[in-house]
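Scroll down for the structure; my scribbles are underneath it.
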Amino acid sequence: MEKKPFNMNYIASAVLVLLVLVLVAFLGDFYFDLNDDVLMKDILSGAYTGVPEGHNIQMLYPISAFIALLYRVYRGLDWYGIFLCISQFGCMFILFCRVLKACGDKVVKILAAALIAAFFTGGILSHLLFVQYTFTCGLLSATAAFLIMTHDEDKKWDLIPAVLLIVIAYLLRSEMLLLTLPIVGVGILIRFCLSRVLICDRYHEGILVSTYGEKKCLFKKYVLLCLAIILGLIVSTLWHRAAYSSQGWKEFNALFDARTELYDFQYIPEYADNKEFYDSIELSEPEQELLVNYNFGIDDDINTEVLRSVAEYADKLKTDEVPLFTRLTQSAVLYLYRLRHVAYQKSYEYPMTDAPLNIVAGILYLGMIILSLLSKDKKKAKLSLFLIFLLFACRTTLWLYIIVRGRDPIRITHPLYIMEMAVLLGMMLDWQKEKKPVLIATFAAALIAFLAFIPNQVSVIGDEMAQRDKMRIHYDALYEYFDEHPDDFYFVDVYTSVSATDGDEKTFSEKMFRDVDNSFAAHDIMGGWASKSPLYYKKIKSMGFSSMQDAILKDNVYVVSKTVNDVDWLLDYYLDKGINVEISKIDTVSDVFVIYKVKEVS
């Protein structure tokens, strides 16, 4: 008889997930949100080098190797896309199951399940269609936090799924997991403190003879939880470092860090005004132009030392460096604006708005405060208020950190909202027996907020889908052109690989699960974060090339650039290297791409 509710919870959860999935599928195709995910997919699937690769660069090795193994078994499926979607809809299933299990009252159970459904459809519906590994990592972390907040104290192994989700999230996107980990830590502390209060309550009710043994076991349990999480992260890190311990990967990782510092946090100084510096590092003007247009992959002399030197020099040149206190003040103003600003989304990402996530987070905070103030147990009330303050202080610190750094896209900020909502929801469920009316009112208010944004989410997705489909018309035509010339190889200008036009058209991305072709792609971009990696050298070596500079001059190799760009930089580069070339236009694709042939002339 005890298994029936358990089984029904699973069935009900599966049905709810299926309903959301049907809605998502009705709105359009699944997309990799960014070109980063596309390149990661190409590396994992073997489309980049010809063989599925476990060294994915952006993700930690163990999970990359696992996904690459799936491609090795069968390359006809989009395993990376499948993994991301299973992770997101798997989190949805887990949340439904846990809510249905944790809620004893039928009204609270129905409202809580409806709230989870409304969260996915009215809060983050666009993320389910435009899938990005950073957001997926945040969702995994938030789900783990909710499992910790609502776990069954009487079940010995009930926390293992939470630990596994945290480790998977870390393997998927280590930086994002580390950003959300402080909120997980606050969640663990909150659950520990509330469990101690419960032990004391049971003691006063005469259920326990002594609380010492119970408190000791409780402390040991949560220490072991923290140690398990830390151990999982350490093992994952050591495994990853061992996989990247070869000299080639060590050199590339150093170059990757220097490239990140230059492009993400510094800038490239003008050549004319800084010629003396560039001469000191033996970087000519055509070579400096490669840094500007990101096509530095063509020049093997642009190495880690060059990138690091330019970054350090740019940092010294800064005269408008804002003091830390001023930056914090400016960031605090923006933070408060983001916290209170309420508006419908005008587009998928920009201009950014946090509604309805900030609305619902505010409702949950208010609900928890009211629950605490109405409690007859003053000690528990004071503890709850302190824990609420601690959670808010933690989220404020994290928000200020990302705003000060200027790294606050929705793939980062939305998971932060989800993290705190998961903790708050877990806290509220602890009060369902004592203050059910307040709980119901809070859930109802949050539900209404999410429901009010479903039409807006659908509209935004429709516009975004139309823009992405328009973008795909150009790139599908380019890919078809590549396929029609299987004996040729193409190097694509970096800006061209990002956007087909200089207008408002969406930047490059790909559909999941449509026309899956994981065969070797006889083209590569002339820069980017995988440039000069061991994978890049493996790719060009498989084509019989020693370098991009030499390869471009071969008979069956071409350069691709969009029509709005000129290729004079390429002419200047070869002239700087002492090679006279002529560049001729061979073909035009979809009226936006030009195929060029670079030929050496005497």
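Values for this structure:
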{"item": "Residues of region 176-220 satisfying the condition of being at pLDDT 75 or above and either over 21 Å from L391 (Cβ atoms) or open to solvent by 50 Å² or more (accessible area, probe 1.4 Å) (or both)", "result": "L178, P182, L189, R196, K216, C217, F219, K220"}
{"item": "Filter result (within 14 Å of M512 (Cβ to Cβ) and either without any contact (Cβ under 8 Å) to a residue 24 or more places away in the chain or in contact with a Cys (Cβ under 7 Å, 6 or more places away or on another chain) (or both)) within region 6-57", "result": "A25, F30"}
{"item": "R241 being among the basic types (K, R) and surrounded by fewer than 17 Cβ atoms within 10 Å (Cβ to Cβ)", "result": "yes"}
{"item": "Meets criteria (open to solvent by 10 Å² or more (accessible area, probe 1.4 Å), under 15 Å from the mean Cα position of the chain (by Cα) and more than 28 Å from S245 (Cα to Cα)) for S126", "result": "no"}
{"item": "Selected residue (criterion: surrounded by the most Cβ atoms within 10 Å (Cβ to Cβ)) from residues of region 406-452 that are farther than 19 Å from S384 by Cβ and of a type in the set (D, E, K, R)", "result": "R411"}
{"item": "Residue match in region 387-395 (condition: out of contact with any His (no Cβ under 6 Å at 6 or more places or on another chain), farther than 25 Å from L178 by Cβ, open to solvent by 10 Å² or more (accessible area, probe 1.4 Å) and assigned to a helix (DSSP H, G or I))", "result": "no"}
{"item": "Out of D377, D354, sole residue that is open to solvent by less than 40 Å² (accessible area, probe 1.4 Å) and either of a type in the set (D, E, K, R) or closer than 25 Å to V458 by Cα (or both)", "result": "D354"}
{"item": "Per-region count, region 542-559, residues more than 16 Å from D587 (Cα to Cα), hydrophobic (A, V, I, L, M, F, W, C) and not in a loop (DSSP other than H, G, I, E, B)", "result": "2"}
{"item": "Selection count, region 356-376, where residues are closer than 16 Å to M419 by Cβ and among the polar types (S, T, N, Q)", "result": "1"}
{"item": "Conditions (1) open to solvent by 30 Å² or more (accessible area, probe 1.4 Å); (2) closer than 27 Å to V458 by Cα; (3) of a type in the set (A, V, I, L, M, F, W, C): number failed by L69", "result": "(2)"}
{"item": "Odd one out for T496, checked against (1) farther than 30 Å from T588 by Cβ; (2) of a type in the set (S, T, N, Q); (3) not in a loop (DSSP other than H, G, I, E, B)", "result": "(1)"}
{"item": "Residues within region 349-372 that are modelled with pLDDT of 90 or more and of a type in the set (S, T, Y), tallied", "result": "1"}
{"item": "Some residue of region 459-474 being within 20 Å of Y48 (Cα to Cα), out of contact with any helix residue (DSSP H, G or I) (no Cβ under 7 Å at 6 or more places or on another chain), surrounded by fewer than 18 Cβ atoms within 10 Å (Cβ to Cβ) and not small (G, A, S)", "result": "no"}
{"item": "Residues of region 560-602 classified as of a type in the set (D, E), open to solvent by 80 Å² or more (accessible area, probe 1.4 Å) and outside any loop (DSSP other than H, G, I, E, B), total", "result": "3"}
{"item": "Among the residues listed as L171, L178, the single one being in contact (Cβ under 8 Å) with a residue 24 or more places away in the chain and of a type in the set (A, V, I, L, M, F, W, C)", "result": "L171"}
{"item": "Residue within region 511-534 that is out of contact with any strand residue (DSSP E or B) (no Cβ under 9 Å at 6 or more places or on another chain), open to solvent by 50 Å² or more (accessible area, probe 1.4 Å) and outside any loop (DSSP other than H, G, I, E, B) present", "result": "no"}
{"item": "One residue from C91, C97, C85 being part of a helix (DSSP H, G or I), farther than 30 Å from D430 by Cβ and either in contact with a strand residue (DSSP E or B) (Cβ under 9 Å, 6 or more places away or on another chain) or open to solvent by less than 30 Å² (accessible area, probe 1.4 Å) (or both)", "result": "C85"}
{"item": "Meets criteria (out of contact with any Phe, Trp or Tyr (no Cβ under 7 Å at 6 or more places or on another chain), surrounded by fewer than 22 Cβ atoms within 10 Å (Cβ to Cβ), at pLDDT below 95 and within 27 Å of G28 (Cβ to Cβ)) for K346", "result": "yes"}
{"item": "Residue check, A65 assigned to a helix (DSSP H, G or I), small (G, A, S) and in contact with a helix residue (DSSP H, G or I) (Cβ under 7 Å, 6 or more places away or on another chain)", "result": "no"}
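The values are calculated or read from the model by the stated rules, or taken from the named source; none is laboratory data. Just so you know, these numbers come straight off a predicted model, no measurement behind them. Quick reminder, even Gly has a Cβ in these numbers, built from the backbone with ideal geometry, and neighbours come from all protein chains shown. Calculation scope for accessible area: heavy atoms of the full protein, side chains included, ligands and nucleic acids excluded. Shrake-Rupley method; radii C 1.70, N 1.55, O 1.52, S 1.80 Å.
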